[in-house]
Amino acid sequence: MDAFDTAELAPSSEIAPVGCIPYEKEYEGYWRALRGAIQREEVSDRGATISDLLIDNNPGHYTAWEYRRKWAVQEGLVNEEIEYATEQVVSNPKNYQVWHHHRRLVEILDKPVDALELTQDSLEQDAKNYHAWSYRQWIVKKFDLFSVSFRAAWPT
């Protein structure tokens, strides 16, 4: 099966949609391929490649992020995946799904990795970034980093 085989799963016609979003054919093909992999319970490098293509087209694609997380855990690549997630947060700082993915990876590793620096950089770009503030609040509470967070936010 070709990594870019997009004819795996036809769109469901059981339920007529209220509205139809006109996605590009290429994107629809990637989505069908990932849905096919999910239905077959296939967690593979091929599926990770497809999820990456979906994320490149739509960084808010929750299912693609969920698939990548399962793949990273299965393959023992959580550290590498958190690097990828960090790059995505920098590129998409106001995207909830990206922050959520990063958070889930931190939970798996059970260490804050680069979380305070990541939120600090994001907040320096936009002090009103709700996702960065929410993430920072969680990381500070989860890892008891209040004094570290306070010093980082207000240097003397």
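Points worth noting:
- Selection count where residues are in a helix (DSSP H, G or I) and either crowded, with 17+ Cβ neighbours inside 10 Å or not β-branched (V, I, T) (or both), scope region 95-129: 24
- Screening A64 on (1) hydrophobic (A, V, I, L, M, F, W, C); (2) free of Cβ contacts under 8 Å to residues at least 24 places away in the same chain; (3) assigned to a helix (DSSP H, G or I) shows it passes everything except condition (2).
- Criterion violated by W133 - all others in (1) open to solvent by 60 Å² or more (accessible area, probe 1.4 Å); (2) closer than 26 Å to E26 by Cβ; (3) in a helix (DSSP H, G or I) satisfied: (2)
- Only residues that are touching a Pro at 6+ places or on another chain (Cβ under 8 Å), of a type in the set (S, T, Y) and open to solvent by less than 60 Å² (accessible area, probe 1.4 Å) were counted across region 35-94, and they come to 0.
Residue-wise test of (1) within 12 Å of the chain's Cα centre (by Cα); (2) aliphatic (A, V, I, L, M); (3) at pLDDT below 95.
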{"residue": "T49", "(1), (2), (3)": "no, no, no"}
{"residue": "I55", "(1), (2), (3)": "yes, yes, no"}
{"residue": "L105", "(1), (2), (3)": "yes, yes, no"}
{"residue": "E117", "(1), (2), (3)": "no, no, yes"}
{"residue": "Y130", "(1), (2), (3)": "no, no, no"}
{"residue": "W138", "(1), (2), (3)": "no, no, no"}
{"residue": "F143", "(1), (2), (3)": "no, no, yes"}
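- Unique match (being part of a helix (DSSP H, G or I) and closer than 26 Å to E24 by Cα) among V90, V43: V90
The values are calculated or read from the model by the stated rules, or taken from the named source; none is laboratory data. Bear in mind that the values here come from a model prediction, so they are computed numbers and not experimental data. Virtual Cβ from ideal backbone geometry, glycine too; neighbours counted across all protein chains shown. The area values use the complete protein model at the heavy-atom level, side chains included, leaving out ligands, DNA and RNA. Shrake-Rupley method; radii C 1.70, N 1.55, O 1.52, S 1.80 Å.
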